[in-house]
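Here's the structure we're looking at; comments come further down.
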Amino acid sequence: QVQLVESGGGLVQPGGSLRLSCAASVSAFKVYTVGWYRQAPGQQRELVARITSGGSTNYADSVKGRFTISRDTAKTTVYLQMNSLKPEDTAVYYCNGGPLATVVAGTFGSWGQGTQVTVSS
């Protein structure tokens, strides 16, 4: 089981930016597809962005053009750059990694504590 630690959340005004980080504890993370998810109060967790070990990316329509997912050259940290933030982006953001199908389905046995992102004036 890969231990993942999310960080970088906070309070930001609409139109602002944040960069989230997802750090892994094991080198096997390098071969995983990694997804960033978010869950707002009363809503289901949704996949907002994913990146494969080869660097291919995919985004939810709601964040396309505003969010960018990337991973460092050592592939042990995955980032989510969030620009032009909107109040509806407010949620707890989580990351997780594994086979592509698992990332798309979000069917992981465990999750980290996530990082809170609040967009408000």
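Nothing in this text is a laboratory measurement; each read-out follows from the coordinates by a stated rule. Keep in mind it's a predicted model, so treat the numbers as computed, not measured. Glycine gets a Cβ as well: all are built from the backbone with ideal geometry, and neighbour counts include every protein chain shown.
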Please work out if Tyr37 is over 18 Å from Val119 (Cα atoms) and touching a strand residue (DSSP E or B) at 6+ places or on another chain (Cβ under 6 Å).
no
Across the stretch 62-86, which residue is nearest to Ser121 (Cα to Cα) among those that are surrounded by 15 or more Cβ atoms within 10 Å (Cβ to Cβ) and touching a residue at least 60 places away in the same chain (Cβ under 8 Å)?
Leu85
Can you confirm whether Tyr59 is without any contact (Cβ under 8 Å) to a residue 12 or more places away in the chain and either surrounded by 15 or more Cβ atoms within 10 Å (Cβ to Cβ) or touching a helix residue (DSSP H, G or I) at 6+ places or on another chain (Cβ under 9 Å) (or both)?
yes
Single residue of the stretch 1-45 satisfying the filter (assigned to a loop (DSSP other than H, G, I, E, B) and of a type in the set (S, T, N, Q)) that is nearest to Lys64 (Cα to Cα)
Ser17
